[in-house]
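Here is the structure we will look at.
The values are calculated or read from the model by the stated rules, or taken from the named source; none is laboratory data. Treat the numbers as computed from the prediction; the structure is a model and nothing was measured. Here the Cβ positions follow ideal geometry from the backbone for every residue, glycine too, while neighbour counts run over all protein chains shown. Accessible surface is based on the protein model in full, side chains and every heavy atom, while ligands, DNA and RNA are left aside. Shrake-Rupley method; radii C 1.70, N 1.55, O 1.52, S 1.80 Å.
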Amino acid sequence: MPQLKLTKTNIDGKAVADARERPNDILYWDTEVKGFGVRVTPTGKKVFIAQARASADTAPVRLTIGLYGVFTVDQARDVAREHLRSLRMGNDPRDMKKQSDAMQVSLQAVCDAYVARPGKLKETSKAAITRHVATTFAAWKDKPVVSITEDMCRTRYREMLTKGLRGNREGGSPGQANQAFSVLGALLNYAGRQHKRADGSPLIAHNPVGILRDDKVRLKPRTARILDNKVGAAWHALTEWRATAHNRDTMSSIDLVRFLMLTGLRISEASSLKWSQVHLDDGYFHLPNPKNSNPVSMPLSTQAVELLKARPKVEDNPFVFPSWGKLGHIKDPRDLMKKLSVVAGMPITPHALRRTYTNVALRQCRIEKFRTDLLTNHITRDVSAEHYFDTTNLQWLQPEAQKIGDHLDLEAKKAAGANVVVLAQRA
């Protein structure tokens, strides 16, 4: 490589003249500072560079300083000295630049990258994560994640715990507080893995959310359900309401809640059920993407089959429980659940119907827990079921589903005042 004392005169004169006579770029090394140079193209474009080894056993590192004209020769030489000094001390300025960029990564940027990973999260999970960043951590979302401290986490958690999201909720929001900081902890762990410091260590060595380990409130599991002595009254009321319903959305809501009681499904799985997933002739329906990510075919009782056969299909709407709303299907039958709560004698949510189904299966129909877990599509920790047993097709559990449907009908008749004689079950 040719050497040249890099001055404005030499670069404008000899360097440019020589480059024009060659088909490729030409690189001149400064005679004053070893490792400082200028690259000149045949068109006359000039770029300052610096080159050195970070250690004796590594390849030379070449760094671009900038364009001649943007930098004077003296300015570029000073920058080169800094880069060369860093390289000779074993520090790669490119790594320092990466660290500098990483130190500025905001919580919002981490959230965007986290939820954008293909195939990793369900839409409901993405929505919950983005919601917490936009609301619970609104004051932090545009700040660098490295600026989030243990004291900030402790203070915000206690605010949520005692006063709720906006500071005006009596009794606070302990459930939302726990969920929000679980989200934040996951995002900061992700940021630590994806972004490194110049020495290769994680950007976040200690997750500040960990300080809450001793502060987090342990919430009692929710146990609300329709009690055994009210199940019949609830099923009877739903049947009566369905017989007198004339509005399409009202019928959809009632049928959706009846379907929840007959199947124990999660509200999101039942409300978004499409006709393409239902196979009435074969007595089953298919869940392609349930919460546990285990696609499964579920059995239908005769009561569920009759319910679905009576459902009117709406042109250009694929959903079994359609609505005039923008989603195209019933999302939350809130008003109906209020009416049902009156019959049950306590507040009932759609998820409480899932607990009701489980209790009817276990307590009233004496269905063993393993089969009840399969019917409710719970993740089982049984080694045989996880690794050897086919849990994708549960049509063989139709007799168990039928027991639950028959029990609801029997209890409804009792609630209606019918004189019912319970026959012994066949062996």
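Please work out if H246 is open to solvent by 40 Å² or more (accessible area, probe 1.4 Å), part of a strand (DSSP E or B) and of a type outside the set (G, A, S).
no
In the list K216, K230, which residue meets the criterion of being among the basic types (K, R), open to solvent by 60 Å² or more (accessible area, probe 1.4 Å) and assigned to a helix (DSSP H, G or I)?
K230
Tally the residues that are assigned to a helix (DSSP H, G or I), out of contact with any Pro (no Cβ under 6 Å at 6 or more places or on another chain) and under 16 Å from V110 (Cβ atoms), restricting the search to the range 147-198.
Of the residues in the range 147-198, 16 are assigned to a helix (DSSP H, G or I), out of contact with any Pro (no Cβ under 6 Å at 6 or more places or on another chain) and under 16 Å from V110 (Cβ atoms).
Could you tell me whether any residue of the range 340-348 is farther than 25 Å from W275 by Cα and touching a Phe, Trp or Tyr at 6+ places or on another chain (Cβ under 8 Å)?
no
Report whether or not M152 is surrounded by fewer than 17 Cβ atoms within 10 Å (Cβ to Cβ) and either on the phi > 0 side of the Ramachandran plot or of a type in the set (A, V, I, L, M) (or both).
Yes.
Can you list the helices (runs of 4 or more DSSP H) lying wholly within the range 331-395 that have 3 or more residues being at pLDDT below 95, touching a helix residue (DSSP H, G or I) at 6+ places or on another chain (Cβ under 8 Å) and not hydroxyl-bearing (S, T, Y)?
Here the list reads 369-375.
List, please: which pairs have Cβ atoms under 8 Å, are six or more places apart or on different chains, and start with a residue in the range 252-274 that is within 16 Å of P312 (Cα to Cα) and end with one that is in a helix (DSSP H, G or I) and small (G, A, S)?
L256/A270; L256/S271; F259/A270; F259/A304
When you scan the range 263-280, do you find a residue that is modelled with pLDDT under 95, of a type in the set (S, T, N, Q), outside any loop (DSSP other than H, G, I, E, B) and out of contact with any strand residue (DSSP E or B) (no Cβ under 6 Å at 6 or more places or on another chain), even just one?
yes
Considering only residues of the range 286-311 that are open to solvent by 30 Å² or more (accessible area, probe 1.4 Å) and among the charged types (D, E, K, R), which is farthest from G119 (Cα to Cα)?
E306
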